[in-house]
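Read-outs: derived from the displayed coordinates by stated rules, not from any lab. The structure displayed is predicted, hence computed values, not measured ones. Cβ placement follows ideal geometry from the backbone for every residue including glycine, while neighbour counts extend to all protein chains displayed.
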Amino acid sequence: MLTLTKSLFALMIGFLLTTFFGLIMIPILKKIKAGQRINVFVEAHKSKAGTPTMGGIIFIIPTVLTTIFLLATDKMQYSVNLMIVLFVFIAYGLIGFLDDYISLKKHRNKGLTEFQKLLLQFIVALVFYILFRQFTEGDSYLRITLFNINLNLNWFYGVFILFLLVGSSNAVNLTDGLDGLAGGLSAIAFVAFGLIAWGSYWIEGYQDMGIFCFILVGAIMGFLVFNAHPAKVFMGDTGSLTLGATLATIAVLTAHELSLAVIGGVFVIETLTVIIQITSVKLFKRRVFLMTPIHHHFERLGWSETDIVHLFWIVGFILSLIALIYGVWL
């Protein structure tokens, strides 16, 4: 009960601090002309041009400050796992910030090249893997509890982790195309992983990892005050890369790597539609979807932006419930 109370307290602080920080930062982003350039060929998106981007800092900074405050007041305890989560959270945030900054500086829709971005992501993922193996009790087993299978991947587990962090960060990045979509899905996912962390009692600092998840949930909710339709700010790569990589990190640390594919099922579907579309166009010169990621397909069908977002949130919520019921209860 104490952990639940601490988590709710952390969520409240994260929400309030982010909301306050957003009121300060959005005018600053507008003043420095950190406007998003829209190159997606959807008629309804033309009005979004000029909306401030790089808004991920609105929830990243309050999340870090809230965590430091709770650590300093002994509401949270230091642990290797929590420090690893913070490292990935901040490192991927810096990569995203650099990408957004270069994009704005050069007045184009792309910042870092794809190679540069992937290289930096792989470097951080590699450091995470080294920290994970050297300073935690984590092993190289991939557990498929549904079939009672424990696969020892040995050195390939490192490759798997690299793929997981980079893939998850870019999946959230692809999903960040409608007001509130990626933010809402991420908040749902972090609630699920917060509950999973609470139940991972064999892991050092499991309670504090759960509390961190709820700090981030509160911070994302505060961000959604400004990012829900009509968005006053976009999270940009600063936010989306950070959220995806942090989800993958917690999944690995809690040994729920495969649960990530269910909890983040909408992110997976969005990514798969892009892969299917590119493959189909290259091999068969035909489109499977009107436009990808799939949220744009629904827009082309005439769905309203808010209806798509609400549907995807519901799907994300149901998938998270399924993963929790199986992973925690059954």
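Couple of notes before you dig in:
- Cα centroid separation, segment 269-330 to segment 196-266 (Å): 19 Å
- Here the Kirkwood formula puts the hydrodynamic radius of the chain at 20.0 Å, using every distinct Cα pair.
- Pairs beyond 24 Å (Cα-Cα), from K106/K232; K106/K285; K6/K232: K106/K285; K6/K232
- Between A261 and A72, the modelled label-to-label distance comes to 4.3 nm, taking each label 7 Å out from Cα in the direction of the beta carbon.
- Ordering A197, I276, S79 by Cα displacement along the dipole of the chain toward the positive end leaves I276 in first place; charges were set at the Cβ atoms of Lys, Arg (+1) and Asp, Glu (-1).
- For the chain, the longest site-free run once trypsin sites (Lys or Arg not before Pro) in DSSP loop states with at most 11 other Cβ atoms within 10 Å are removed: 109-284
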